[in-house]
Amino acid sequence: MKRILSTTAFLLLSALTFAQQFEITGSIADSLTRQKLLSATVFLESVEDSTLITYSITDIDGKFNLTGNTNYELLNFYTSFQGYQEIAKVIDLSKGRQIDMGTILLSNDIESLGDVVVTARKAPITLKKDTLEFNAKSFNTRADATLEDVIKELPGVELDTDGNITVNGKSVTKILVNGKEFFGDDPQVALKNLPKEIIDKIQVTESKTDEQRQSGDDGDDNASEINITIDEDKNKGWFSRLTAGGGTDDRYSMSGIVNYFKEDLRVSVLGSSNNINSPGFSFDEVYDAIGNSVFSGGQGGLSGLYNGNNSGITSSRSAGMNISNEFGEIVEADGNYFYGKSDNRSETETRRTTFLPDRTFSTNSSNASNRVGDNHRFGGRIEVKPDTLTSITFRPGGTLSNNSDFSERSSTSFDEDGNTINNLNSTSSSESDNRNLEGNIYVSRRLKTKGSFVSFYASVEDDQNDSQDRFNSERNTFSGNTPTTEIQNQIINQKTTNTRYNFSPRYRQALDSNWRASVEYNYQYRDQSSERSVFDIENASGTRTFNQALSNDFDVNSVQQRPEIGVEYEKNDLRLEFNTGYIFQTLESEDVLQQVSFDKSFENIFLQASVRQRIGKFGRVNLNYNNSVNVPSVRQLQPVVDRTNPLNLVQGNPDLDASVTHSIRINLSNYNWEKGEGFFMGGNYDINTNDVAAITTTDQDLIRTTTYVNVDGNRRGFLYSSYNKKWKKDKRDIGGNLSLNGNYNRNVSFTNGQRFNSETFGITPGARFEYSIRDIFELTLDYNLNLNSTSYDISSIQDQEFTNHNLNIDLLTLWPENVTLGLRGEYNRYGNVSDEFDNDSFVLIGSLGYKFAKDKAVVKLKAYDILDQVIGTRRVATQDYVQDTSSLVLERYFMLSFTYKLSKFGGSDPNDRNTRFN
């Protein structure tokens, strides 16, 4: 089988690589000055059907090189450069496939240029300073494509199975529409829902803060953002999609989205309801709401909208609205609101083996829980520009939620001979209300000298959680001659608040065209409080008795002040930045109930440095360093015993110091559009001092007591690399990538109070293969091998080594016309699962769809876990225990669904040319 696959791949690659190759060279220059033009776009399309063949951008000498292979003989050659007239020529490859076009002259005046024809053809790619601009219509996709489908076709852009986008190895953190946020900062809604037919351009640039946008500075070297511009004739209209489906085992899924555009006004409304573990906003043209559920961790959604974890089975309902508009030339505003309701049911069976320096014990436990939550989230942005030099941006936001939880837990622990040491049965029923309110404002004014400005930034955030828990437990211990029993029947009321605010004025002055200097002051204030009241309940009478020993009224105030100065240098392709300051940190803590208080102060030098260098035509390298100071949490500081888990008593340490992290980041990328190949690589390394670590001691009854201490010596590192290559021949595309990632972790930990060190190494090589024939089929294969090794410098803990395999397959056929067949699967083989559990599975989903009513309607038969292979078993190996868990999972089901689309753009319905838009 392997030989057949290898031979097939080789034949496909050979056919695309060697058949009908061509090479077209030349240069682009100004018609008057004869100066060579850098970053002019040149591209080829077939005369017959306008298929994009290849494209490139001129280098510093104005030269270009177009290579590729095609069966077409007549091609249109286009050139494009901002501020110049675009021109076109017809090339006949039957007369030769090695063509030198000499110097092509572009004019910024309307004039005849010999046999050259002036044209308004849009270039597939344009480079504008630090922005890559793609013409969406130049990239061929299926007729009902979304933004996601176009993104997959862009050079240097990768989209993983969870919908995460990277451009030359840099994560895309935000998707904008016409320069404005679309449903907050979550890129998934735009990615899955914007139809290609309304998209004009896709602009990729560095992720920027409000300050960087206003000042014109470069953005984050390690992150990108994408801006989608809507076609002008499509920026007046609306589009919608409604889907409803029902299936076996009472499974159902409903979702809908409506978007309205009218020049600067944009309104979007969406909603969903299902019981298939999907938030419902992650629409998929082929699989609808189950699109990513086959892949590990593929339960996406809007950040913060859903509560609890992804285990078990979840029913959810959700709705959201986003409004964006401009008011004259001075004010822009957008706002969004989301509502989410979830009902999660989970069940787990766990077997854990714990290694102590002097003994080993095992624990079998089971847990069943049900969580019901309501969540309201809102946010917005108001930008005011009273004049051309001044900008004011205000961003409010918040989340309100209510959760009801009920859980039952039982556990039994055994010694190495199988004797019972203790057992526990507990129930918990709780109600909680959570509130998060936040806002920030940024004001800036540019000065007369280019690159100079003054600015002021301020933010405030207030978090509050109120909860009441009715907790009941019975713990039995059998270590002595007489068994002992401890019963807890309590009501636990807890209120925690976390208030933060900071402000930062800044002044920057340009010294000359290359050098800039700045001075800045940062002030941060944080107030954390925790009021915990525990009442013991008398079983017979129900009388409440306040338990002062287990209660607390804790407050922590911290203030950080950081004056700093900085200098920047930028010339041609090099940029240097250096900032330094001094951190003054104070910490005040008081427990009124326990009459404990303390004060602390910390001082540390602040450093931040970065170097960015463009290399050649396509390459870039970035190097960054910074340090940060982190204050311990209330839970880690409060000196009161938390007995919520009777088998693990937790007490904070008020003597903890703040931890300091030193971080180094490097990124190197290079993507050659001419050859359709490129690579990116990079890494990060963190060194921590005074890190906070948990120290746990276990007594003879296996009752654990946990507190916290500061440790030095923790290290974390990560390396990543990827090589990408694409070949194209007319309607056929073949491509793929090879990747190699590695990670290293060194941790200082404790087992039963004894300190030890652990080192973990991981290597993950991977390969991806893609092949497609436009309008016929698409195939993607993705394989990853994960090698892990962990060693310990303590004899009581065994070293761990295991290998995991992951293989993904995605097959889509688009023939015959109007029929779509999709199969998506993931095979996993886990090397870190015990023999008592299944260690491999192949989860396969499928969809068979038929389009009718002028492509407005689609009926689909979908299947989840066709082979009934979903497993809920996992192994976790830590410093002092190995744990195997079996969980409740969503099992095989079939669903029939119906989707209907309606749209009007620019005065007409794309499916009915006679419809007018009023």
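The values are calculated or read from the model by the stated rules, or taken from the named source; none is laboratory data. Since this is a predicted model, take the numbers as computed values, not measurements. Using ideal geometry, Cβ is built from the backbone for each residue, glycine included, and neighbour counts are taken over all protein chains shown. In case anyone asks, the SASA skips ligands and DNA or RNA and just uses the protein heavy atoms, side chains included. Shrake-Rupley method; radii C 1.70, N 1.55, O 1.52, S 1.80 Å.
Values for this structure:
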read-out	value
Residue that is farthest from residue 790 (Cα to Cα) [pool: residues in segment 862-894 that are in contact with a Gly (Cβ under 8 Å, 6 or more places away or on another chain) and hydrophobic (A, V, I, L, M, F, W, C)]	894
Contacts under 8 angstrom Cβ, first residue in segment 795-817 being at negative phi, partner basic (Lys, Arg) and not in a strand (DSSP E or B), 6 or more apart	814/142
Which listed residue, of 785, 848, 812, is assigned by the TED database to the domain that holds residue 864, modelled with pLDDT under 95 and among the aliphatic types (A, V, I, L, M)	812
Out of 759, 826, 801, sole residue that is within 26 Å of residue 145 (Cβ to Cβ), assigned by the TED database to the domain that holds residue 711 and out of contact with any Cys (no Cβ under 8 Å at 6 or more places or on another chain)	826
Whichever residue in segment 613-628 is part of a strand (DSSP E or B) and surrounded by 19 or more Cβ atoms within 10 Å (Cβ to Cβ) and, among such residues, is modelled with the lowest pLDDT	620
Candidate set from segment 239-265 (those that are more than 17 Å from residue 899 (Cβ to Cβ) and at pLDDT below 90); member that is surrounded by the most Cβ atoms within 10 Å (Cβ to Cβ)	261
Leading residue by the ranking (most open to solvent (accessible area, probe 1.4 Å)) among those in segment 629-658 that are more than 30 Å from residue 422 (Cβ to Cβ) and in a strand (DSSP E or B)	630
Pairs, first on the phi > 0 side of the Ramachandran plot in segment 511-529, second surrounded by 17 or more Cβ atoms within 10 Å (Cβ to Cβ) and assigned to a strand (DSSP E or B), C-beta under 8 Å, six or more apart	none
Enumeration of residues in segment 611-624 that are over 23 Å from the mean Cα position of the chain (by Cα) and under 12 Å from residue 665 (Cβ atoms)	611, 612
Segment 138-150 residues that are part of a helix (DSSP H, G or I), paired with ones that are modelled with pLDDT under 80 and of a type in the set (Val, Ile, Thr) (beta carbon under 8 Å, 6 or more apart)	149/141; 150/141
One residue from 655, 642 being acidic (Asp, Glu) and closer than 19 Å to residue 689 by Cα	655
Residue, nearest to residue 513 (Cα to Cα), within segment 539-552, restricted to residues that are touching a strand residue (DSSP E or B) at 6+ places or on another chain (Cβ under 7 Å) and exposed (fewer than 12 other Cβ atoms within 10 Å of the Cβ)	546
Residues satisfying the stated conditions in segment 551-605, i.e. touching a helix residue (DSSP H, G or I) at 6+ places or on another chain (Cβ under 7 Å) and either assigned to a strand (DSSP E or B) or modelled with pLDDT of 85 or more (or both)	554, 556, 589
Among residues of segment 29-66, those that are closer than 26 Å to residue 140 by Cβ and either open to solvent by 70 Å² or more (accessible area, probe 1.4 Å) or in a strand (DSSP E or B) (or both), counted	16
Among the candidates 683, 742, residue that is within 30 Å of residue 354 (Cα to Cα) and in contact with a Leu (Cβ under 6 Å, 6 or more places away or on another chain)	742
Residue list for segment 553-596, filter: surrounded by 15 or more Cβ atoms within 10 Å (Cβ to Cβ) and of a type in the set (Lys, Arg)	562, 575
Residue within segment 523-536 that is outside the structural domain of residue 63 (by the TED database), of a type in the set (D, E, K, R), open to solvent by 60 Å² or more (accessible area, probe 1.4 Å) and not in a strand (DSSP E or B) present	no
Hits in segment 837-864 - residues which are touching a residue at least 40 places away in the same chain (Cβ under 8 Å), touching a strand residue (DSSP E or B) at 6+ places or on another chain (Cβ under 7 Å) and of a type in the set (Asp, Glu)	none
Yes/no for residue 826 being in a strand (DSSP E or B), charged (D, E, K, R) and within 25 Å of residue 141 (Cβ to Cβ)	yes
When residues of segment 537-550 are limited to those that are not aromatic (Phe, Trp, Tyr) and not in a loop (DSSP other than H, G, I, E, B), the one nearest to residue 488 (Cα to Cα)	537
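Every residue, every condition in (1) touching a Gly at 6+ places or on another chain (Cβ under 7 Å); (2) open to solvent by 50 Å² or more (accessible area, probe 1.4 Å); (3) touching a residue at least 40 places away in the same chain (Cβ under 8 Å); (4) among the hydrophobic types (A, V, I, L, M, F, W, C), yes or no:
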| site | (1), (2), (3), (4) |
| --- | --- |
| 695 | yes, no, yes, yes |
| 720 | yes, no, yes, no |
| 740 | no, yes, no, yes |
| 749 | no, no, yes, no |
